[in-house]
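Before any comments, here is the structure.
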Amino acid sequence: MNCRLPGTLGWVLVGCAVLGPAWSAARAADVETRDFNVFVDGKRSGAAHITIQKADDGTVVMSCDTDITVPVLFFTYKYSYRGREVWKDGKLKAFESNCNDDGKHYVVTAAAEDKGVRFKVNNQERLVGHDVWLTSYWAKPDKKVVNQSVPLVDADTGRDLECKVGYVGAEDVMVSGQSQNLQHYKLTGQVQVDLWYDAADRLTRQEFVEDGHKTLVELTKIRK
């Protein structure tokens, strides 16, 4: 559940958007919270929590909070993220995030319009296509984008990215001490990330290496 982790350390679970009128008018039909541990170079360095709410009208709201602390040489790196995403029919309808990347602050908002999704990053605006994907990665990619290039927006900085989505296959993976059959996807291009999704098509595991640091985001608990 994209996402980005500590600055130069890589991409980690974050992502989300505003609870707009479309959500407040629809009764929540399904609510689930997923708790994740974050490991950097084999050491537990923080946690991420995503709550997914699906309404009767098909609107899906994903809210997320992530906190990371990593000792790096003679200082301690700190990262925090708060955000929400609103989706319907596979399209991003609204988004809002607030990120503190070790003292660097980013505020990102977005709202769907007729011609695309308008992003605002620290008071600068631009329009992107309706097919945009966020780096929260919380839901399994649609089959139609496999082996295709996908436009991405970095959920914490609002930066434009590009990646290719590859399907690796079904794998038995140990998650919190239990074996699960997961669907493995690999993103290449401006992001290099391995993602695993469970039978509910939701993120269960994420791995990447950046600047020599191996990062693992692993599901620990599902709460309903």
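Here are the numbers:
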item: Candidates V165, V150, V173, filtered to the one that is closer than 20 Å to Y197 by Cβ, surrounded by 15 or more Cβ atoms within 10 Å (Cβ to Cβ) and touching a helix residue (DSSP H, G or I) at 6+ places or on another chain (Cβ under 6 Å); result: V165
item: Which numbered condition G129 fails, given (1) on the phi < 0 side of the Ramachandran plot; (2) within 18 Å of the chain's Cα centre (by Cα); result: (2)
item: Residues of the stretch 120-141 that turn out to be buried (at least 20 other Cβ atoms within 10 Å of the Cβ), of a type outside the set (S, T, N, Q) and touching a Gly at 6+ places or on another chain (Cβ under 8 Å), as a count; result: 3
item: Within the stretch 205-224, tally of residues that are exposed (fewer than 12 other Cβ atoms within 10 Å of the Cβ), farther than 17 Å from R44 by Cβ and in contact with a strand residue (DSSP E or B) (Cβ under 9 Å, 6 or more places away or on another chain); result: 2
item: From V72, V40, residue being surrounded by fewer than 21 Cβ atoms within 10 Å (Cβ to Cβ), modelled with pLDDT under 95 and in contact with a helix residue (DSSP H, G or I) (Cβ under 9 Å, 6 or more places away or on another chain); result: V72
item: Residue, farthest from L216 (Cα to Cα), within the stretch 189-201, restricted to residues that are modelled with pLDDT of 95 or more and crowded, with 18+ Cβ neighbours inside 10 Å; result: D198
item: Residues of the stretch 171-208 satisfying the condition of being in contact with a His (Cβ under 7 Å, 6 or more places away or on another chain) and closer than 9 Å to K140 by Cα; result: W196
item: Total residues in the stretch 165-188, condition at pLDDT 95 or above and on the phi > 0 side of the Ramachandran plot; result: 1
item: Among (1) closer than 25 Å to L219 by Cα; (2) crowded, with 21+ Cβ neighbours inside 10 Å - the single one V108 does not satisfy; result: (1)
item: Members of the stretch 60-69 that are surrounded by 22 or more Cβ atoms within 10 Å (Cβ to Cβ) and either out of contact with any strand residue (DSSP E or B) (no Cβ under 8 Å at 6 or more places or on another chain) or not hydrophobic (A, V, I, L, M, F, W, C) (or both); result: T66
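This table checks each residue for (1) touching a Lys or Arg at 6+ places or on another chain (Cβ under 7 Å); (2) within 23 Å of K78 (Cβ to Cβ); (3) hydrophobic (A, V, I, L, M, F, W, C).
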site: K93; (1), (2), (3): no, no, no
site: E96; (1), (2), (3): yes, yes, no
site: C99; (1), (2), (3): no, yes, yes
site: K115; (1), (2), (3): no, no, no
site: E125; (1), (2), (3): yes, no, no
site: S136; (1), (2), (3): no, yes, no
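The values are calculated or read from the model by the stated rules, or taken from the named source; none is laboratory data. Please read all numbers here as calculations on a predicted model, not as lab measurements. Virtual Cβ from ideal backbone geometry, glycine too; neighbours counted across all protein chains shown.
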